[in-house]
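Take a look at the structure below.
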Amino acid sequence: MTKAYLINPNELIRDYNEVVDKAQKIAIYTIGIELQKKEIEDLQLYIDKLSVQREEFATKNNGNEANLIYCLERLAMIIQSEIKMLISLKEDEMSQAWDILVDCQVHLGTVIRNYPFESDHLENYLQRLHNYEKTLFPKMIFNSYGGFVKESHCSICKSDYGDCDHIKGKLYNGKMCTRNITEVELEEVSMVENPANKHCRALYIEENGIKIDLLTKREISTKS
Ligand SMILES: [Zn+2]
């Protein structure tokens, strides 16, 4: 490892592993829903604690520490979301379960790209999320929006995106750089199988004038 830390990163990771080991035992479909709801609360306490630590390091410009804590904090949030997804499935909230899963995949991808240590276990976790997608949900049809970005800003320094040296998806002093698009000229919408954004999915098909929800096969009520 080339990164220098003021703190002992092993201690942080040991605590994290302890929290995650406990959470992973709850992030299983058959576990009681009330135990899963309790685990979401427990994880939130840990996430809040990390968030405070991250801010402290960021204030002192200890970027390596702040970035590492960002990764652990985000990973705890992903496991928390995984449990939320399982609860959504049990509560018959399929569309919500899908959106949570997609967010987990996106966030885990950005953590993997920024994680300062060996990340094989995170790749395995990404595979687990992919397996959920393939076994729990039907094959989806997505919409892809093609367009021209007319105005966007860097989330770190607020300048026009491209005018600064920050790169979207990278961590800077414990904060993720995102490209905030404020104006876009939409050119085309197309149907694709491998979209950039899996939230943009076809919601229903129409059969003989009846709208059928693609996730549940239920008729969508047309009365407004
Ligand atoms: Zn910037």
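The values are calculated or read from the model by the stated rules, or taken from the named source; none is laboratory data. A quick note: this is a predicted structure, and the numbers were derived from the prediction, not measured. Reconstructed Cβ throughout: ideal geometry from the backbone, glycine too, with neighbour counts over all protein chains shown. Accessible surface areas use protein heavy atoms only, side chains included; no ligands, DNA or RNA. Shrake-Rupley method; radii C 1.70, N 1.55, O 1.52, S 1.80 Å.
Here are a few things to note about the model shown:
- Part-to-part distance (alpha-carbon centres) for segment 22-65 and segment 144-171, which is given in Å: 29 Å
- Solvent-accessible surface of the chain, averaged per residue with a 1.4 angstrom probe and all protein chains in place: 60 square angstrom.
- With Cα atoms, 0 to 90° folded angle of helix 63-90 axis to the chain main axis: 30 degrees
- Residue (of Ser155, Ser95, Tyr29) at the positive-pole extreme of the chain, dipole from beta-carbon charges: Tyr29
- The Cα atoms of segment 9-136 give a gyration tensor whose axes a ≥ b ≥ c have a/c of 1.5 or more with a/b greater than b/c, which makes the shape prolate.
- Cleavage-rule hits, GluC sites (Glu not before Pro), segment 104-149, DSSP coil, Cβ neighbours within 10 Å at most 16: Glu118
- Cα shape, the chain, gyration tensor, a/c 1.5 rule: oblate
- Tally of Lys pairs whose C-alpha atoms are under 26 Å apart, taken over segment 9-136, 8 or more apart or cross-chain: 23
- Around Glu65: net Lys/Arg minus Asp/Glu count, Cβ-Cβ under 10 Å: +2
- Relative contact order, percent, the chain [alpha-carbon distance under 8 Å, six or more residues apart]: 18 percent
- Among the trypsin sites (Lys or Arg not before Pro) in segment 111-184, those located in a DSSP loop and surrounded by at most 11 other Cβ atoms within 10 Å of their own Cβ are Lys139, Lys158.
- Angle in degrees between helix 33-59 and the longest Cα principal axis of the chain, rounded to the nearest 10: 50 degrees
- The chain, helix-only ellipticity at 222 nm - DSSP H runs n ≥ 4, -39,500 (n - 2.57), divided by all residues, nearest 500: -17500 deg cm²/dmol
- Taking a sphere under 11 Å around the Cβ of Glu93 and counting the other residues whose Cβ falls inside, with K and R at +1 and D and E at -1, yields a net charge of -1.
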